[in-house]
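Colleague: Dropping a structure here in structure tokens format, bear with me for questions.
The values are calculated or read from the model by the stated rules, or taken from the named source; none is laboratory data. Bear in mind that the values here come from a model prediction, so they are computed numbers and not experimental data. In this analysis, Cβ positions are derived from the backbone assuming ideal geometry, glycine residues included, and neighbour counts consider all displayed protein chains.
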Amino acid sequence: MGEVLLRYTSPGAAWLLVLSWRNQDDAIRRALLGLAVSLTALTPAVQTAMAGLTPGNNLARLLGHAGMVLVAWSAHDFLAHLNGLRRSRWSKWWTAGMFASMCVLFELTPSLLPQAPWVFEYWVAYLLTLTPAFANVIRLGLRFARSTSDRAVRAGLHMIVSGTALALVYLVNRVVRVGASRFGYRYPLGFVFWVSAVLPNVAHALVLLGAATPAAAGWWRRYRQYTRLRPLWELLSAGDPSIALNPRVGWWNMRLRVYRRVIEIRDGVLDLQPHRDADVATAARERSARPAELEAAVIVAAIEARARGVEPARTEPVSGGPDLDSDTAFLCDVADELSLLDDRRVRQP
């Protein structure tokens, strides 16, 4: 049971990330897809199935290695973009040339058993294909982690860098291990379970966690915004139920949920425009109220004025942020002020 979990947990997690990924960055999508394909192809079940389809040819192993090449260079491209760099032309030719060499060597010895001819050369070609990409992922990942202020991104990059370093150690270990079969020297470390089986799975898990951490942190941040906006949304929708569109959006797509809630709140605030009393805003400014506190006071007064059918002589313009992110943050502060205002009203004798 433990070995089954060890072999199949990482592929399942990788496909879950591929299917749930909503970011538009192509490099990340390619990296996740390549990792999912690689991990799936290297599972015992898939290798057995492909061996039945192509007897005598371990095509699943080549497919898994091809997926890992895609992972390494896609991760490199993404981190290069984050650091304001572009992938050099030599690296593209290097990758194409070394992978072509891998395919030729694989065709010469499709079994990939350590004692088979050309297997050592195949593993050396595979190591040389990945080493420049892995080295740059480590270098650029640490470089951007030092410069970013986002703690989730920093933590994710550190996990990706750690996983990449472990993967590189595993590949070097595998080449030395195959070389022992080829050249007849002793290398007992290469056959230790923790090195041969656990190490690559830990590397994969760290990379997956590193890729998922910023996305999970972003989901949680938007979920907190969604719940913080609830008091303001409920207050506005109670006075004007037509603003509540009740979208059928899953909880996994929290970005769209927050966006719809902000739009509905803005619709409700705009409907209150004829009742937004400038005198209420002036009184709030005189007591040095914060912008969110001022907006909350104006909204509450406008809802009460609309209920009475009263329109002030002077209206207060709508406040907000210049873009969606800043406007969402501002409305969250307004909703917090409404909650504080309700608490103060409850405590009043």
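Colleague: Can you tell me which residue within the range 307-343, out of those that are surrounded by 16 or more Cβ atoms within 10 Å (Cβ to Cβ) and β-branched (Val, Ile, Thr), is nearest to residue 262 (Cα to Cα)?
Modeller: Across the range 307-343, the extreme among qualifying residues is 328.
Colleague: List pairs: first in the range 84-106 and in the same structural domain as residue 137 (by TED's automatic domain parsing), second part of a loop (DSSP other than H, G, I, E, B), Cβ under 8 Å, 6+ apart or cross-chain?
Modeller: As it stands, the answer is 105/118; 106/112, since those pairs meet every condition given.
Colleague: While we're looking at this one, here's another question. Out of 337, 304, which single residue is more than 42 Å from the chain's Cα centre (by Cα), within 16 Å of residue 232 (Cα to Cα) and in the same structural domain as residue 236 (by TED's automatic domain parsing)?
Modeller: Result: 304 is the single residue among 337, 304 that is more than 42 Å from the chain's Cα centre (by Cα), within 16 Å of residue 232 (Cα to Cα) and in the same structural domain as residue 236 (by TED's automatic domain parsing).
Colleague: Please work out if residue 296 is out of contact with any Pro (no Cβ under 9 Å at 6 or more places or on another chain), among the small types (Gly, Ala, Ser) and more than 18 Å from residue 227 (Cβ to Cβ). Break it down into steps so the answer makes sense when it comes.
Modeller: Values: out of contact with any Pro (no Cβ under 9 Å at 6 or more places or on another chain): yes; among the small types (Gly, Ala, Ser): yes; more than 18 Å from residue 227 (Cβ to Cβ): no.
The answer is no for residue 296.
To keep it simple, each residue is scored yes or no on (1) in contact with a helix residue (DSSP H, G or I) (Cβ under 8 Å, 6 or more places away or on another chain); (2) over 24 Å from residue 221 (Cβ atoms); (3) assigned to a helix (DSSP H, G or I).
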{"residue": "270", "(1), (2), (3)": "no, yes, yes"}
{"residue": "280", "(1), (2), (3)": "yes, yes, yes"}
{"residue": "288", "(1), (2), (3)": "no, yes, no"}
{"residue": "297", "(1), (2), (3)": "yes, yes, yes"}
{"residue": "301", "(1), (2), (3)": "yes, yes, yes"}
{"residue": "319", "(1), (2), (3)": "yes, no, no"}
{"residue": "338", "(1), (2), (3)": "yes, no, yes"}
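Colleague: When you check residue 106 against the structure, is it crowded, with 17+ Cβ neighbours inside 10 Å, part of a helix (DSSP H, G or I), in contact with a Lys or Arg (Cβ under 7 Å, 6 or more places away or on another chain) and hydrophobic (A, V, I, L, M, F, W, C), yes or no?
Modeller: no
Colleague: Cβ contacts < 7 Å: first residue over 28 Å from residue 161 (Cβ atoms), restricted to the range 182-200; second residue at pLDDT 80 or above, any location; separation 6+ or different chain. Result?
Modeller: 182/120; 186/180
Colleague: Give 80, 135 a once-over and let me know the one that is modelled with pLDDT under 90, touching a Leu at 6+ places or on another chain (Cβ under 9 Å) and under 20 Å from residue 207 (Cα atoms).
Modeller: Numbers: 135 fails: modelled with pLDDT under 90.
The match here is 80.
Colleague: Could you tell me how many of the residues in the range 109-126 are part of a helix (DSSP H, G or I) and either among the acidic types (Asp, Glu) or closer than 14 Å to residue 66 by Cβ (or both)?
Modeller: Residues that pass the stated criteria total 4.
Colleague: Here are some residues: 233, 219. Which one is farther than 30 Å from residue 154 by Cα, surrounded by 13 or more Cβ atoms within 10 Å (Cβ to Cβ) and aromatic (Phe, Trp, Tyr)?
Modeller: Matching residue, one of 233, 219: 233.
Colleague: Counting only residues that are under 24 Å from the mean Cα position of the chain (by Cα) and aliphatic (A, V, I, L, M), how many does the range 102-156 have?
Modeller: Number of matching residues: 11.
Colleague: Any residue at all in the range 241-257 that is at pLDDT 90 or above and assigned to a helix (DSSP H, G or I)?
Modeller: Yes, some residue in the range 241-257 is at pLDDT 90 or above and assigned to a helix (DSSP H, G or I).
Colleague: Can you tell me how many residues within the range 288-306 are modelled with pLDDT of 90 or more and loosely packed, with under 13 Cβ neighbours inside 10 Å?
Modeller: Count: 1.
Colleague: In addition: Quick check on the range 1-25: of everything there that is in a loop (DSSP other than H, G, I, E, B) and under 23 Å from residue 77 (Cβ atoms), which residue is modelled with the highest pLDDT?
Modeller: Residue satisfying both the conditions and the ranking: 21.
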